[in-house]
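Presented below is the structure to which this report refers.
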Amino acid sequence: MIANDDIAALLEHLAWPRGRDIPGVELPAWLERLARVAAQRGAGELGELAAAVVRDPDSPDRLYALGYALIDAGAPAMAASVLWHCLALVGDSEEVVCELVSALESALAYRDAFAILDAHPELRARSFLCRYLHAFDAAMIGSLSVTRAALAELVADSPDTEAMRATIEAIVARGDRVAGACPLDGADLRGWHYVLAGGLLLHQSPYGFAEPMRGRYAYLHDSNERVAFGLERLVALVRAAGEPVPCVYAPPGPDHEAVARVLATKLAVPLAPWPAVGTPAPGIVALYDLARLPAAEVPRLVQRRAGQILFAHASPWTRDSPIAPDVTTLLYQTLDPPDRLDQLASAAALPADDLATDEPDRYAALVAHAWPLSPGPRARLWAGGPVASNRF
């Protein structure tokens, strides 16, 4: 058996940011412990990669391979430390810098990712990808002026670079659209959610609102009242847009179907069967939890069609999702659905305490400038952002 304190010691000493400060002569000892723990936990390939670095700690190739494997293993903070030591050996390497930035982004250390890219102007000058990442990470730390300035340097020459440029262009355009209506400061969760993900956030958690959660949920045992509140706000948005809604769709899954059924009743429109082929449009695609959308259904929803709204009651905020909902009620880290979602139709009003941090004036100002959304590609739902929340 592996003692829990072995894992805790590795996380404490090898994970970013502490791991970047481990002296080079001490790194093999920590990686030897990582190799032993990985082998004993059945991650034999990862253990072998760590052991290879122990044997040859000055090999950039072996450090890079280990860092890459740690990202794949879901340990980006450890990967960042390993890749930092690799970068110290190779200098201005696009491959290593970009992999290090990827690890830091996965660990939600956007400020560190931006600082590394900012410190490599020569690399940015010759690398479109590094220029893109510099612009993106600037937005993720709230520096839209840097993102806006960087956009002019993103001259696309392929479909891939055109897509990256379009991502930055859309972020800047949304920032410009709500300029003056939203403070876009370190506490403006709704404003930044719109700028980065292109959607509206209906509800802010009152738990630890000022510090440390700032409107996101950490662990939430959800309630029918909270779901019903989100649906009422969605109905208000639909009516404000002034466009008829022909139907509501529910992707496969009983929780999605329960939410869609109640929404269809509130709007007095049919609940349409999910298409076996093609794309559902126009209408509202209603989900309970974005993370429960089957991966096979995602390609249908990458493009926002005219007259289509993608609604997800709940969306995860500590990991990227391939698409962002047009409207989501709340952001969570860990979610338990209501015990009886099938009884949603009879839900009572959401208690006043849950609405203590609703900020109705700020919400109304955002809606006035951002709604309705235009057709076009949906953004990814990026983990984290300029508004900091604790993770558990």
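Can you give the extra length, in nm with one decimal, that the chain gains between GLU32 and ARG380 once fully stretched, where that is 0.36 nm per residue apart less the Cα-Cα distance?
Contour length minus the Cα-Cα distance gives 121.5 nm.
Which net charge results when you count Lys and Arg as +1 and Asp and Glu as -1 among the other residues whose beta-carbon is under 14 Å from that of ALA291?
Its environment carries a net charge of -3.
Sequence-distant or interchain residues sharing an amide H contact under 5 Å with GLN308, placed H: which?
Placed amide hydrogens put GLY283 under 5 Å from GLN308.
How high is the FRET efficiency from GLU122 to TRP371, r the C-beta distance, R0 41 Å, rounded to 0.05?
E between GLU122 and TRP371, to the nearest 0.05, is 0.45.
Would you mind calculating the relative contact order of the chain from Cα pairs under 8 angstrom and at least 6 residues apart, reporting the percent as a whole number?
After rounding, I find 15 percent.
May I ask for the percentage of alpha-carbon pairs in the chain that lie more than 32 Å from each other?
Distances greater than 32 Å cover 41 percent of the Cα pairs.
If you line up the Cα atoms of the range 1-130 on their principal axes, what length do they span on each, largest first, in Å?
50, 28, 24
Indicate the gyration tensor shape class of the range 44-88 (rounded, prolate or oblate), computed on the Cα atoms with a ≥ b ≥ c the square roots of the eigenvalues: a/c under 1.5 is rounded; otherwise a/b larger than b/c is prolate and the rest oblate.
Oblate.
Which value, in Å², gives the accessible area per residue of the chain when a 1.4 Å probe is used on the protein heavy atoms?
43 Å²
Where does the chain land at 222 nm, in deg cm²/dmol rounded to the nearest 500, when only DSSP H runs of n ≥ 4 count, each adding -39500 (n - 2.57), divided by all residues?
One gets -15000 deg cm²/dmol as the mean residue ellipticity at 222 nm.
Does the range 304-392 come out rounded, prolate or oblate by the C-alpha gyration tensor, with a ≥ b ≥ c the root eigenvalues, rounded set by a/c under 1.5 and, if not, prolate when a/b is larger than b/c and oblate if not?
Note, shape of the range 304-392 comes out rounded.
What list of ³J(HN,Hα) couplings, whole Hz, do you get for the range 256-263 from phi and the Karplus terms 6.51, -1.76, 1.60, once you set θ to phi - 60° and write x for glycine and proline?
Once rounded to whole Hz, the list reads 4, 5, 5, 5, 5, 5, 5, 5.
Given the options ALA65, ALA152, ALA345, state which has the largest fluctuation in a GNM of the chain using a 10 Å cut-off (strictly under) for Cα springs.
ALA152
Provide the gained length on full extension for the span ALA352 to GLU225, in nm with one decimal, where the gain is 0.36 nm per separating residue minus the Cα-Cα distance.
In short, 44.6 nm is gained.
In whole Hz, with x marking every Gly and Pro, tabulate ³J(HN,Hα) for the range 170-175 from phi via Karplus 6.51 cos²θ - 1.76 cosθ + 1.60, θ = phi - 60°.
Karplus values, whole Hz, x for Gly and Pro: 5, 4, 5, 4, 5, x.
Count the net charge of all other residues whose Cβ sits under 14 Å from the Cβ of ARG305, scoring Lys and Arg as +1 and Asp and Glu as -1.
+1
Along the range 49-66, what does the Karplus equation 6.51 cos²θ - 1.76 cosθ + 1.60 (θ = phi - 60°) give for ³J(HN,Hα), rounded to whole Hz, x for Gly and Pro?
3J(HN,Hα) across the range 49-66, in whole Hz: 5, 5, 5, 5, 5, 4, 6, 9, x, 9, 8, x, 4, 6, 5, 4, 4, 5.
Antiparallel DSSP bridges in the chain: what percent, to the nearest 5?
So the antiparallel bridges amount to about 10 percent of the total.
Using the crude model of +1 on Lys and Arg Cβ and -1 on Asp and Glu Cβ, and no other charge, please compute the dipole size for the range 269-392 relative to its Cα centre, in debye to 20.
In total the dipole reaches around 620 debye.
Compute the FRET efficiency between ARG18 and GLU162 as 1/(1 + (r/R0)^6), taking r as their Cβ-Cβ distance and R0 = 51 Å, and round to the nearest 0.05.
Once rounded, the FRET efficiency stands at 0.80.
Projecting each Cα onto the charge dipole of the range 45-134 (Lys/Arg +1, Asp/Glu -1 at the beta carbon, about the Cα centre), which of ALA73, LEU108, ALA88 comes out farthest on the positive side?
Farthest towards the positive end: LEU108.
For the pair GLU153 and ASN390, how long in nm is the line joining their label points, each one 7 Å along Cα→Cβ?
About 3.8 nm separates the two model spin labels.
Remind me, relative contact order of the range 1-99 in percent, using alpha carbon pairs under 8 angstrom and six or more residues apart?
Relative contact order of the range 1-99: 27 percent.
The values are calculated or read from the model by the stated rules, or taken from the named source; none is laboratory data. All values reported here derive from a predicted model rather than from experimental measurement. Don't worry about glycine lacking a Cβ; one is built from the backbone with ideal geometry, like all the others, and counts go over all protein chains shown. With ligands, DNA and RNA removed, areas are computed over all heavy atoms of the protein, side chains included. Shrake-Rupley method; radii C 1.70, N 1.55, O 1.52, S 1.80 Å.
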